[in-house]
Amino acid sequence: MDGAALELLATGAVLGLAAGFAPGPLMALVLAQALRFGTREGLKVAVAPLITDVPIVIAATALVGLAAGLAAGLLGAISLGGAVFVAWLGVEAIRTTGVEAGRPDEAPRSWARGAAVNALSPHPYLFWITVGAPLLVRAAEESLLAAAAFLAGFYACLVGAKMALAVVAGASGGRLRGGTYRAVMAVLGGLLLVFAVRLAWEGLRLLGIVAG
């Protein structure tokens, strides 16, 4: 694996971990199902992004690829929007104190609930339009291996993080809160802020405001 592919693998891994551990509707459902019905049901919810993200990734990548072909300025504006979104995720991660599971329904129906929650959440759409797709397009320009490495790193860590939370919740039957969790989120938040700066710089470069 070449240097570009390794860098994109690491980039996808960091973004995936940050998204996987970040509090949100899907995490709440993962915890709720694991706490109420056992680890297995939480694991079913955790893999929801592998199902619902496919059309989102395809559509977002096609749109960003078209934008890149039409005007670098448009892609630069998208990158700046992505920088703002990633910075917001970073600040939210740093400020996180813990998460609690919501009140689950009586029947598990974990596959359907996980898919519905992820599909109806704005986060996957925002991430792929502003951050993921531009990175994927640039990775594909390097090589198909680099693009595959980014996707593999992102989804392995995204789904893996949520599966880990399901296992912990299923085993503990309690709240995920404590110094270790806050420390992990603080580190991930800091890394997200670094990525936000990089995205902002790339956006400014594409807009011609700074030299490449």
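The values are calculated or read from the model by the stated rules, or taken from the named source; none is laboratory data. None of the values given here were measured: they were computed from a predicted structure. Remember, those area values only see protein heavy atoms, side chains included, never the ligands or the DNA or RNA. Shrake-Rupley method; radii C 1.70, N 1.55, O 1.52, S 1.80 Å.
Quick one: in region 68-86, which of the residues that are assigned to a helix (DSSP H, G or I), open to solvent by 30 Å² or more (accessible area, probe 1.4 Å) and of a type in the set (A, V, I, L, M, F, W, C) is modelled with the lowest pLDDT?
Among those that are assigned to a helix (DSSP H, G or I), open to solvent by 30 Å² or more (accessible area, probe 1.4 Å) and of a type in the set (A, V, I, L, M, F, W, C), it is Leu70.
Name the single residue, out of those in region 87-141 being farther than 24 Å from Ala186 by Cα and of a type in the set (Asp, Glu), that is modelled with the highest pLDDT.
Checked region 87-141; the qualifying residue modelled with the highest pLDDT is Glu141.
Does region 144-183 hold any residues that are open to solvent by 60 Å² or more (accessible area, probe 1.4 Å), at pLDDT below 80 and not small (Gly, Ala, Ser), and which are they?
Selection gives Arg175, Arg177, Thr180, Arg182.
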